[in-house]
1. Checking the condition closer than 21 Å to Leu153 by Cα, open to solvent by less than 60 Å² (accessible area, probe 1.4 Å) and more than 15 Å from the ligand (Cβ to nearest atom), which residue from Gly14, Gly30, Gly50 passes?
2. Taking region 294-328 as the search range and keeping residues that are closer than 11 Å to Arg208 by Cα and in contact with a Lys or Arg (Cβ under 9 Å, 6 or more places away or on another chain), which one is most open to solvent (accessible area, probe 1.4 Å)?
3. Could we say that Glu62 is open to solvent by 40 Å² or more (accessible area, probe 1.4 Å) and either of a type in the set (D, E, K, R) or within 15 Å of the ligand (Cβ to nearest atom) (or both) here?
4. Name every residue in region 65-78 that is open to solvent by 60 Å² or more (accessible area, probe 1.4 Å) and not aliphatic (A, V, I, L, M), in order of residue number.
5. Give Leu153, Leu172, Leu178 a once-over and let me know the one that is more than 30 Å from Ala17 (Cβ to Cβ) and either within 11 Å of the ligand (Cβ to nearest atom) or open to solvent by less than 30 Å² (accessible area, probe 1.4 Å) (or both).
6. Name the residues in region 124-150 that are within 11 Å of the ligand (Cβ to nearest atom) and part of a loop (DSSP other than H, G, I, E, B), would you?
7. Please state which one of Ala10, Ala4 is in contact with a strand residue (DSSP E or B) (Cβ under 9 Å, 6 or more places away or on another chain) and within 30 Å of Pro424 (Cβ to Cβ).
8. In region 233-246, is there at least one residue being open to solvent by 40 Å² or more (accessible area, probe 1.4 Å), at pLDDT 95 or above and not in a helix (DSSP H, G or I)?
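The values are calculated or read from the model by the stated rules, or taken from the named source; none is laboratory data. Model, not experiment: these values are computed from the prediction. Counting neighbours? That spans all protein chains shown, and the Cβs are built from the backbone with ideal geometry, glycine included. Just the protein is used for accessible areas: all its heavy atoms, side chains included, with ligands, DNA and RNA removed. Shrake-Rupley method; radii C 1.70, N 1.55, O 1.52, S 1.80 Å.
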Amino acid sequence: MAAAISASMAAKNGRAAWRVVLLEKNDRTGAKIRISGGGKCNVTHSGQPGELLEKGFLRRNEQRFLRQSIFGFTGADLLAMLREQGVETEARADGNIFPSSGNAMSVVRVFDGLIGQHGVDLHVSCRVKIVRKSAEGFFVETETCGTFEADALILATGGVSYARTGTSGDGLSIARKLGHSIVTPAPALAPVYSMQPFPGELSGISLRQAKLIASSGTQNAECQGDILFTHKGFSGPAVLSLSRYIAEFSAAGETRLFADLLPHQGREELEKILLFQATENGKRLVRKFLQSCPVAPPAGSFSIGAHGTLPTAIVPYILRFSGIGENITWGGLTRDMRKSLQSVLKRFPLGIVRKVPLDEGEVSAGGVSLCEINPKTMESRIVPGLFICGELLDYAGEVGGYNLQAAFSTGWNAGRNAVRMTQPAQE
Ligand SMILES: Cc1cc2nc3c(=O)[nH]c(=O)nc-3n(C[C@H](O)[C@H](O)[C@H](O)COP(=O)(O)OP(=O)(O)OC[C@H]3O[C@@H](n4cnc5c(N)ncnc54)[C@H](O)[C@@H]3O)c2cc1C
């Protein structure tokens, strides 16, 4: 949609006559925007474009690739466009920006409105089946609405997760047939299924601000944030963020997950805290201490802060994994038990990963290889006149509005350049 709007705007400014046609497989536009951010649409992230790239895209090659698009159509440009069309937005404390109405539909309506205003010829329920390139241009065959010929073609068919929203990977096979290399799609921002999920009593419980550690052979990856227990394994921001690595690790070998429940306490500091309990609170139950254990206290200050205390339901598991009975007091704790408790608090075992489900990812990694696309224009380096944008490309952003912004920015870039760089054939 962003590509079609920017192409139409560029066409109006140019000398040649263009007709911009948008072919959408679903019976309406913006299926993913409608469900994004839990129906509230985290449309972008606050901050300068450089910060957005750095926080939103952890891989350097992705940052480099997206740079010109994100600087060309920034978060501020997007918000101004929404405001002009009557949609106010607000940033939350974490920098995530949503429409103030809390309704993703307001964003879809802006894009639908602009598509109408700029005279884009929209065809819905129109699945593209085949694309061929010849000296005359592109030939596009659809399932239900006939054929189209075009001087320039923009592929913006999205990733491969949530296939029910229309993203079933058609664009990948079209791009492959046109000569592009495809990096195998892989899950990102996805939940993780465990070999032996924790009992249902923990489902829905969060380990707030813990550090999630994924470990496979010599490979390790970690991320701090909330970890949510689900009936099949884990979800929540830290899990979603690390899921791309977890999927890569588990494709190569057994991957185990751990949670550091006190990420800011080094082993030395934690040892002092536990020793203090053992010497000063001999009659107190270890269980009681754990039940009042603060969440993510800063280093050097072991007190309860904004995030409260560890969830009570997790305490029996900490005790069990440490080999400590429910009724043991600090006085009755052996040195080995104390050491074991220390290691469980720093590396609470979450079990072995069974699967990272590709279809359940908010985005999918993989897609059309970035090396084959000119980042200045989004034009294919393989097929002149072909432009590729959005999640169909081999990048995947973090949670926080980065993925929609990348789709809008690359789409904007592609649309503008498809018109600027292509000379339409004379009728
Ligand atoms: C549950 C969920 C929540 C999300 N929440 C957020 C969020 O809050 N913030 C954020 O930044 N990102 C979010 N994302 C990610 C974001 O929605 C996507 O990264 C973004 O929509 C990608 O945009 P796109 O235009 O590349 O692809 P899409 O938005 O997926 O659009 C591709 C379009 O191409 C159409 N299409 C596919 N094949 C064909 C064909 N053969 N012929 C014709 N049309 C075709 C599809 O029907 C679809 O409408 C979320 C994703 C999901 C699944």
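1. None of the others qualify; the one that does is Gly14.
2. His307
3. Spelling it out, it is not the case that Glu62 is open to solvent by 40 Å² or more (accessible area, probe 1.4 Å) and either of a type in the set (D, E, K, R) or within 15 Å of the ligand (Cβ to nearest atom) (or both).
4. Arg67, Gln68, Phe71, Asp77
5. Just a single option satisfies the conditions, and that option is Leu172.
6. Result: Val124, Ser125, Cys126, Arg127, Glu143, Thr144, Cys145.
7. Ala4
8. No, every residue in region 233-246 fails to be open to solvent by 40 Å² or more (accessible area, probe 1.4 Å), at pLDDT 95 or above and not in a helix (DSSP H, G or I).
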